[in-house]
Amino acid sequence: MHQAPAVVVGVDGSCSATAAALWAIDEAVSRDIPVRLLHAVPHRDGPTTTDDIDRASDIVDTAAAAIEATGKHVKVETQIASGDVAQVLLDQARRAAMLCIGSSGRVHAGIGHRQSTALAVARSANCPVAVIHSPTAAAGVSCVVAEVDDTAAGDLVLRRGIDEALLRAIPLRVVTAWPASYPDVQGGSSATMTRMVRTRLQRRLSAWREHHPGLDARAVAVPGNILNYLARHRDEIALAIVPHGRGAGIAELVSTTPPSSAPDLSFNVLICEPAGDD
């Protein structure tokens, strides 16, 4: 049966899944489409039991109640499916406007684990995927960070970043790491290259500022890996937006169990849908 577009949220009863459901509200309202709460009952030996269905119903009903408690006017749909959790979510992603999942949950072990549901979905979904932490992880945050380069994927990240900054009424920081994205600016001082890269970004932002006078957007150029920027500013970041190609390496950006040598970058992440050059 054909389903109309929706913002699909994978729910499993965990705190981060509930946070994902709440985060999805504004996404759905801005598109005038429903939030669809989806719970997948994993395959086991033998048929799905009545207890399985009752437990699944409780999970989606609890998430729906959390949305209703916000008082925001959004249509909520609920769905229960049986099968591999990642595959059920990927099937929904084919028709979804966006897929939202918790960074850790009761079914998967957390996005820091290579075999997590979140990682599998982020790698393969053909729609934007938001990976959401618990609400406490977002306390006191202040900006959207978009990782942008000169590719079609970078253009898509920029558009998504502008949309999210306007939707959530917070500043946007458009970040490019060099020299990997700009091989033509080799040589010269670090300060000179930083200025050159930042000037390119400023030109790209100028047209967007004309269309959206209220947009608070700043270009940031950093040497090396953007991971260093994210680590330094992790307490200020509400949402990091990255290209689809980052899906395979998303454990670098958000991890519930990071290596002891790595900081816990506990902010929300939006992985864009594939672009023409992904």
Looking at segment 250-259, can you tell me whether even one residue there is in a helix (DSSP H, G or I) and at pLDDT 60 or above?
yes
When the residues of segment 5-35 are filtered to those that are over 22 Å from Ala56 (Cβ atoms) and in a loop (DSSP other than H, G, I, E, B), which remaining residue is modelled with the lowest pLDDT?
Pro5
Restricting to segment 36-49, what's the tally of residues that are of a type outside the set (Lys, Arg) and at pLDDT 95 or above?
3
Filtering segment 103-128 down to residues that are more than 15 Å from Asp84 (Cβ to Cβ) and among the hydroxyl-bearing types (Ser, Thr, Tyr), which residue is modelled with the highest pLDDT?
Ser103
Picking from Ser103, Ser30, Ser14, the residue that is touching a residue at least 60 places away in the same chain (Cβ under 8 Å), under 20 Å from Ala238 (Cβ atoms), crowded, with 18+ Cβ neighbours inside 10 Å and assigned by TED's automatic domain parsing to the domain that holds Leu119 would be Ser103
Of Ile25, Ile53, the only residue that is without any contact (Cβ under 8 Å) to a residue 60 or more places away in the chain and touching a helix residue (DSSP H, G or I) at 6+ places or on another chain (Cβ under 7 Å) is Ile25
Asp235: passes all of (1) surrounded by 17 or more Cβ atoms within 10 Å (Cβ to Cβ); (2) modelled with pLDDT of 85 or more; (3) within 26 Å of Thr18 (Cα to Cα) but (1)
Filter segment 129-157 down to the residues that are part of a loop (DSSP other than H, G, I, E, B) and modelled with pLDDT of 75 or more and list them by number.
His133, Ser142, Val148, Asp149, Asp150, Thr151
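The values are calculated or read from the model by the stated rules, or taken from the named source; none is laboratory data. Computed from a prediction, not measured in an experiment: that's the story for all the values here. Glycine gets a Cβ as well: all are built from the backbone with ideal geometry, and neighbour counts include every protein chain shown.
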